[in-house]
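All of the numbers you see were taken from the coordinates with simple rules; none came from a lab. Computed from a prediction, not measured in an experiment: that's the story for all the values here. All Cβ positions, glycine included, derive from the backbone under ideal geometry; neighbour counts span all protein chains shown.
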Amino acid sequence: MRRGGPAFLIFETLAERTLALAQLRRRADPDAGFEPLLDDLLRPVLARCLQHGIRIVSNFGAANPLAAARHIRKMAQELGLPAPRIAVVGGDDLSGAPHRPLLREQLGAAIDHLQMVSANAYIGAEAIAAALDAGAQIVVAGRVADPSLTVGPAMSHFGWRADDWDRLARATMAGHLLECGAQVCGGYFADPGYKEVPDLHAVGYPIAEISSDGHCIIGKAAHTGGLVSLASVKEQLLYEVHDPAAYLTPDVVADISAAQIELLAPDRVALTGVRGHARPSSLKVNVCHEGGWLAEGEISYAGPRAEARARLAAEVLRQRLPGLSLRVDLIGALSIMGDDAGRLLAATAAGDARDVRLRVAATHADRAQAERLPREATALYCCGPAGGGGVRTALTPRLNTLSCLVPREAVPVFFEMLDAV
């Protein structure tokens, strides 16, 4: 706002399984299923964005973009604002019965036996660009590929063609640098004593300045914590990239094998040298389905021989729960590095840690079988070993994910203005 000029505010709020969780909320309430923090995120900035001509592009529609758009219109009314022009992007949701044959074609007959929760294609930027060209002030989408949220505004603003591969690839990598929010500004980058980040408690979010040729400069908001450095940009540039010469997105295949970054000033890093190739002929689809139950139990042991008591408790549970494959972690002594069956735990020499949190988990298709674990973990209070406390248990429905590719032409993407819906 202070800088002036054309600008877009991007909200990127989806991860791989958030759509499935949103779909479950929509089942329970037809008016739900969008980003649950929508009010907290948008209400504080909506008026200023509309007043200053800053357009908003988002995937916080999740499983119900139309409901999100209606909620934003209501929010604007409550704030005393003129009704904004809101576009809803659709086509990504493939969870309906008409799409079953398409998914079966890719995943096989196994899908017939799954209780599917969600199926969403990662769609690209064209519908976003078209919505902005049509005058939308706010674009609400569901499962759009993260970088496409940046590519769409750039396409619309500069008038790029959908086959301008180099420019699309450059904007894609600008979006890739933005997509994890504060990560490129030092968030996930911070590692004390090795990679110092100032004032992480007040970390700023990144700003990408994109030129007409697609090259970008990454910075951050003034007077905020964190940093934008050569190292933080390199980390985020390579994040989730399986092949630097062929980063696949719905819009383009980006090639960063000859990319160059340059520090222009403190917290200002330029990215150049990105090339693009023709986009893939298929789109990725994530299918989430019911995956039984996750059971967990935790209890703490402290003081002399704490680790030995925690190990004994794990062994007690293992013997009392035949038929359940247990994951065991000794938090404070050994966790993360163990495999799901706890084999590394068993093979690792016992230590003398004096503050250990035992965590035991199991999954099972049958809820009654999964419930055995929380009961047995709670029983450790009385049945030993000595000194266990702070027991906590949980039983959670589990979601599993399958991925596949579908032909691009099988996913008709569109946008509609809210007033026309």
- [ ] Note down all Cβ pairs under 9 Å where the first residue falls in the range 84-104 and is free of Cβ contacts under 8 Å to residues at least 12 places away in the same chain, the second is of a type in the set (Asp, Glu) and surrounded by fewer than 20 Cβ atoms within 10 Å (Cβ to Cβ), and they're at least six residues apart or on different chains.
- [x] Arg100/Asp112; Arg104/Asp112
- [ ] Considering each residue of the range 161-175, count those that are under 22 Å from the mean Cα position of the chain (by Cα) and more than 15 Å from Gly273 (Cα to Cα), and give that number.
- [x] 1
Task: Among the residues listed as Leu50, Leu79, the single one being in contact with a Leu (Cβ under 8 Å, 6 or more places away or on another chain), surrounded by fewer than 17 Cβ atoms within 10 Å (Cβ to Cβ) and farther than 25 Å from Val287 by Cβ - done: Leu79
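Within the range 257-275, is even one residue in contact with a His (Cβ under 6 Å, 6 or more places away or on another chain) and not acidic (Asp, Glu)?
Step one: filter the range 257-275 for residues in contact with a His (Cβ under 6 Å, 6 or more places away or on another chain), giving 272.
Right, trim to not acidic (Asp, Glu) and you get 272.
Within the range 257-275, one or more residues are in contact with a His (Cβ under 6 Å, 6 or more places away or on another chain) and not acidic (Asp, Glu).
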- [ ] Report whether or not Val88 is at negative phi and in contact with an Asp or Glu (Cβ under 6 Å, 6 or more places away or on another chain).
- [x] yes
Task: Search result, residues across the range 374-409 that are surrounded by fewer than 16 Cβ atoms within 10 Å (Cβ to Cβ), in a helix (DSSP H, G or I) and touching a residue at least 40 places away in the same chain (Cβ under 8 Å) - done: Thr378, Tyr381, Cys383
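May I ask you to verify whether Ala222 is out of contact with any helix residue (DSSP H, G or I) (no Cβ under 7 Å at 6 or more places or on another chain) and part of a loop (DSSP other than H, G, I, E, B)? Explain how you work it out, then say what you get.
Working: out of contact with any helix residue (DSSP H, G or I) (no Cβ under 7 Å at 6 or more places or on another chain): yes; part of a loop (DSSP other than H, G, I, E, B): yes.
Judged against the criteria, Ala222 is a match.
Return a yes/no flag: does the range 286-294 have any residue that is under 30 Å from Ala62 (Cβ atoms), in a loop (DSSP other than H, G, I, E, B) and of a type in the set (Phe, Trp, Tyr). Show your work before the answer.
So the first thing to find is which residues in the range 286-294 are under 30 Å from Ala62 (Cβ atoms), and the list is 286-294.
The next check asks that each one be in a loop (DSSP other than H, G, I, E, B); those that pass are none.
Checked against the condition, which is being under 30 Å from Ala62 (Cβ atoms), in a loop (DSSP other than H, G, I, E, B) and of a type in the set (Phe, Trp, Tyr), the range 286-294 yields no hits at all.
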